[in-house]
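As structure tokens, the structure follows; a few thoughts come after it.
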Amino acid sequence: MEKEYRNVDFRDQDFTEQEWKGIRFEGCRFRGCRMESMVLQGCEFTNCDFGMAKMNDMDVKNTAFVNCRF
């Protein structure tokens, strides 16, 4: 993995149309985030919270969501 984030609060951020590759997230909060049309490739999300996040039209490849809340 290229980057790693632990216990970061990304709440209400706008990540629309961003491309993330090889990033690991553990215990992060994405509540209320805008994540439409994102590209996720080779990422890993463990114990993350995506409550109320807008995740429409995402392109997700080789990405794991482990024990995450949606």
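The values are calculated or read from the model by the stated rules, or taken from the named source; none is laboratory data. Everything quoted here is computed from the prediction, not taken from an experiment. Here the Cβ positions follow ideal geometry from the backbone for every residue, glycine too, while neighbour counts run over all protein chains shown. What goes into the accessible areas is simple: the full protein's heavy atoms, side chains included, and nothing from ligands, DNA or RNA. Shrake-Rupley method; radii C 1.70, N 1.55, O 1.52, S 1.80 Å.
Here are a few things to note about the model shown:
- Residue in the range 21-30 that is buried (at least 16 other Cβ atoms within 10 Å of the Cβ), without any contact (Cβ under 8 Å) to a residue 40 or more places away in the chain and part of a loop (DSSP other than H, G, I, E, B) present: yes
- Residues in the range 31-61 that are in contact with a Gly (Cβ under 8 Å, 6 or more places away or on another chain) and either aromatic (F, W, Y) or open to solvent by less than 40 Å² (accessible area, probe 1.4 Å) (or both): G32, G42, C43, T46, C48, G51, A53.
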